[in-house]
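Here's the structure, in structure tokens; my notes come after.
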Amino acid sequence: MSVIPVGLETFTQFEYTEKKGSSQEVMGMPHVKWEPFRDLMAMQDRMSRVIDQTLSRIWKEEVMQGTWSPPVDIVEREDEVVIKIDLPDVNQNEIDIRVEESTLIIQGERKFIKESEGEKYIQIERPYGTFRRTFTVPRRIDQEGIKASYKDGVLRVVLPKRQEMAPKQVVVEPR
């Protein structure tokens, strides 16, 4: 064991390691590989929840327990904009899509199915509960032509662009 002084604190560093079976142990404890991206994703999720809850309190909206935010991809093509949202295990009947003024609202719920006889959850990482995503719809989108489909846990919302009218030339006539 060695002691490393750092400022006013000291940290103890253990150098004793031994091999047991196929896993390495440090002072009798299993060595666990650190996965920084998993930790960053968990921290991002927690920060998103804190920000959402804070903003909703500011705007006097009711904070719903169990809210989560599904990941979204948005692709712009020549004649349309496509929004793809990952919603695995969400019943199609639990998805509500609407346009209010210039806002596209997609909301719904992924229900938690309780364990069956003989099953006991060891770990639950997927979020459950209600979700809500909102998007500003640009003026160039034809709101009447918006269509949605749901297949293999992916919601696909197609927002067609309006046909742009060519500028009209106005001729000035003499009086």
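Give me the residue from the range 121-143 that is touching a Pro at 6+ places or on another chain (Cβ under 9 Å) and not aliphatic (A, V, I, L, M) and, out of that set, farthest from ILE106 (Cα to Cα).
Ranking the candidates gives ARG126 first.
How many residues does the range 140-175 hold that are assigned to a loop (DSSP other than H, G, I, E, B), closer than 27 Å to ASP89 by Cα and either in contact with a His (Cβ under 7 Å, 6 or more places away or on another chain) or among the β-branched types (Val, Ile, Thr) (or both)?
1
Looking only at residues that are in a strand (DSSP E or B) and among the hydroxyl-bearing types (Ser, Thr, Tyr) in the range 127-139, which one is nearest to ASP89 (Cα to Cα)?
It comes out as THR130.
What number of residues within the range 67-87 satisfy the criterion of being part of a loop (DSSP other than H, G, I, E, B) and within 12 Å of the chain's Cα centre (by Cα)?
Taking the range 67-87 first, the residues part of a loop (DSSP other than H, G, I, E, B) are 67, 69-71, 77-79, 87.
Still in the running and within 12 Å of the chain's Cα centre (by Cα): 67, 69-71, 87.
So the count comes out to 5.
Can you tell me how many residues within the range 102-152 are touching a helix residue (DSSP H, G or I) at 6+ places or on another chain (Cβ under 6 Å) and modelled with pLDDT under 90?
0
Filter the range 27-68 for residues that are surrounded by 10 or more Cβ atoms within 10 Å (Cβ to Cβ), at negative phi and modelled with pLDDT under 60 and give the result.
Across the range 27-68, the qualifying residues are SER56, ARG57, GLU61, VAL63, MET64.
Evaluate the range 103-126: report whether one residue or more is within 16 Å of the chain's Cα centre (by Cα) and in a loop (DSSP other than H, G, I, E, B).
Yes: one or more hits.
Table: residues versus (1) within 19 Å of ARG162 (Cα to Cα); (2) exposed (fewer than 10 other Cβ atoms within 10 Å of the Cβ).
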| site | (1), (2) |
| --- | --- |
| LEU104 | yes, no |
| ARG110 | no, no |
| SER116 | no, yes |
| THR130 | no, no |
| ARG133 | no, no |
| PRO138 | yes, no |
| LYS147 | yes, no |
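The values are calculated or read from the model by the stated rules, or taken from the named source; none is laboratory data. Computed from a predicted structure; not experimentally measured. Note: ideal-geometry Cβ built from the backbone for every residue, glycine included; neighbour counts use all protein chains shown.
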